[in-house]
Amino acid sequence: MTTHQSELTIIGTGMAGMAAACFAADNHIRTAQIGVNSGMIYASGFLDLMGVHPVATGQTRENPWQAIAQLVEDVPDHPYARLRPSEIETAMTRFLHFMDEADRPYQFSPGRNTEVITPVGTTKLTYAVPRSMWAGAVALKEKRPCLITDFIGLKAFSARQITDMLLPRWPEIRMLRIPFPSGGASADLYPEQMARSLEVEKNRLQLADAIRPHLGNASAMGLPGILGIYKPRRVREHLEKLLGVDIFEITTIPPSVPGIRLKDALEALVTRKGVRLISQKRVLSAERQKNGNFILGIGDHGSKTIEQIIESRGVIMAGGRFLGMGLHAGRKEISEPLFNLPVFQPEDRALWHRTDFFDPNGHPINQAGLEIDDAFRPTDLAGKAVYDNLFAAGSILAHQDWMRQKCGAGLAIATAYGAVQAFRKMC
Ligand SMILES: Cc1cc2nc3c(=O)[nH]c(=O)nc-3n(C[C@H](O)[C@H](O)[C@H](O)COP(=O)(O)OP(=O)(O)OC[C@H]3O[C@@H](n4cnc5c(N)ncnc54)[C@H](O)[C@@H]3O)c2cc1C
């Protein structure tokens, strides 16, 4: 079996793995990356940096930087505390630049979070918004006359629910439900198929003709996240031209087209940047050699047969928590299956969850993960780095609850940046 050499290997193709691969490639590090589908295809596409702190009171924060400063004071073990604010900012700025390079641009308001509409008609604060959704944030802020359109047969999105939820604070929001012009005879519509169909100009013309008579005084229009898979900008701009209003997407319930687009765009970008991306495979075994290099066995999760080997000078673990399978929740304890690293966790399984599912403090299991030192290296029980060339990033890290803190993407991107910087320093 051939052994491939790499300077750095990244385990995981979620947000943390993808960000780490981009940062590594930009630093001219010879990089390999391995992973199967991550939670990214279920994600909204929003990049949260810090939206809620403290979680116990559910306090939403308009200024993510002030929130991070407060968090680091209150929770000194949080992974954000391993980075200076200027490093977190650099990580976010560079990542947004990568998204421009990938032709999936984002927009944000410097220094503050933006309020955006969710698929269920609530709103949330996020840091960076896909360009295709930005006009929705503006329309919401300015309470512009707005039409939300959905389609008969599309179950993943309800314009009625969204308008009903927002009407009390947005008097000029209305809804429209129409058949999808190129929907065919099928009773059910699926966002991905609709998005593909709108790549075709004829279908966009038909859609615009169907909507035009209902626009009234609307100056903005929201559609489910179906505006193209490969050329979303062209699809949206064409519809805007045809209808003469600002058009924005609201993501559907998962799996979402914006999430699929993000995944496809990042995979194409890292490949273009020269990363050796081994997709739909897992790292099945990891061993450290006498010279310090890691030997990683790669193969299918199902068959467990090792198909190729990578020898690597350093490794970044970005395997996620339970969904990504970077951590394993067994009958008695939570373990890290690849390197058998110590996992920070509640002392007893009975303490994993609180009795109230909606307990505002969250569940202790959502703070479980790898503890790291200032160089993003997983530590042993004495707080010492287990290996000098093994790093970790993203949701696999302990002492954070990204879902409640609304910091999923930001945490992934910032810690990926920190881990790559630490690898560079080590070399
Ligand atoms: C439904 C949903 C909605 C979300 N919405 C938002 C949002 O609105 N805003 C936001 O900022 N964030 C959101 N997120 C969070 C965000 O997308 C990321 O999931 C989160 O930031 C964690 O990313 P990660 O890369 O650390 O882990 P994961 O996304 O879990 O990725 C882990 C990766 O590691 C791989 N892996 C694990 N073990 C191995 C192995 N042995 N070998 C090879 N590969 C391995 C997995 O296959 C996977 O590719 C959402 C996530 C979900 C699931």
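The values are calculated or read from the model by the stated rules, or taken from the named source; none is laboratory data. Quick caveat, the model's predicted, so the values are computed rather than measured. In this analysis, Cβ positions are derived from the backbone assuming ideal geometry, glycine residues included, and neighbour counts consider all displayed protein chains. Areas reflect the complete protein model, heavy atoms only, side chains present, ligands, DNA and RNA absent. Shrake-Rupley method; radii C 1.70, N 1.55, O 1.52, S 1.80 Å.
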Query raised in the report: Out of (1) touching a Ser or Thr at 6+ places or on another chain (Cβ under 9 Å); (2) within 16 Å of the ligand (Cβ to nearest atom); (3) assigned to a helix (DSSP H, G or I), the odd one out for Ala25 is which?
Result: (2)
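Looking at the structure I just gave you, is Phe98 among the aromatic types (Phe, Trp, Tyr), touching a residue at least 24 places away in the same chain (Cβ under 8 Å), part of a helix (DSSP H, G or I) and within 24 Å of Thr251 (Cβ to Cβ)?
The answer is yes for Phe98.
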Report summary line: Across (1) closer than 16 Å to Pro79 by Cα; (2) touching a residue at least 40 places away in the same chain (Cβ under 8 Å), Gly383 clears everything bar (2)
Query raised in the report: Can you tell me which residue in segment 310-333 is most open to solvent (accessible area, probe 1.4 Å), limited to those that are more than 24 Å from the chain's Cα centre (by Cα), of a type outside the set (S, T, N, Q) and under 30 Å from Leu277 (Cβ atoms)?
Result: Arg313
**Report entry** Pairs where the first residue, in segment 278-292, is charged (D, E, K, R) and the second is more than 9 Å from the ligand (Cβ to nearest atom) and open to solvent by 50 Å² or more (accessible area, probe 1.4 Å), C-beta under 7 Å, 6+ apart
**Finding:** Lys281/Asp300; Arg288/Tyr387
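Residues are listed down the side, and each one gets a yes or a no for (1) more than 16 Å from the ligand (Cβ to nearest atom); (2) outside the structural domain of Pro76 (by TED's automatic domain parsing); (3) open to solvent by 50 Å² or more (accessible area, probe 1.4 Å):
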| site | (1), (2), (3) |
| --- | --- |
| Pro346 | yes, no, no |
| Tyr387 | yes, no, yes |
| Lys406 | no, no, yes |
| Ala416 | no, no, no |
Query raised in the report: What tally of residues in segment 36-67 results from selecting those that are within 22 Å of Gln107 (Cβ to Cβ) and away from the ligand (no atom under 15 Å from the Cβ)?
Result: 4
Query raised in the report: Quick one: in segment 82-97, which of the residues that are basic (Lys, Arg) and within 24 Å of Leu370 (Cα to Cα) is surrounded by the most Cβ atoms within 10 Å (Cβ to Cβ)?
Result: Arg82
Query raised in the report: Which ones in segment 285-336 are away from the ligand (no atom under 12 Å from the Cβ) and assigned to a loop (DSSP other than H, G, I, E, B)?
Result: Gln289, Lys290, Asn291, Gly292, Asn293, Gly302, Ser303, Thr305, Gly330, Arg331, Lys332, Glu333
Report task. Determine which member of the set Pro364, Pro378, Pro337 is assigned by TED's automatic domain parsing to the domain that holds Gly17, closer than 29 Å to Ala24 by Cα and surrounded by fewer than 20 Cβ atoms within 10 Å (Cβ to Cβ). Result -> Pro337
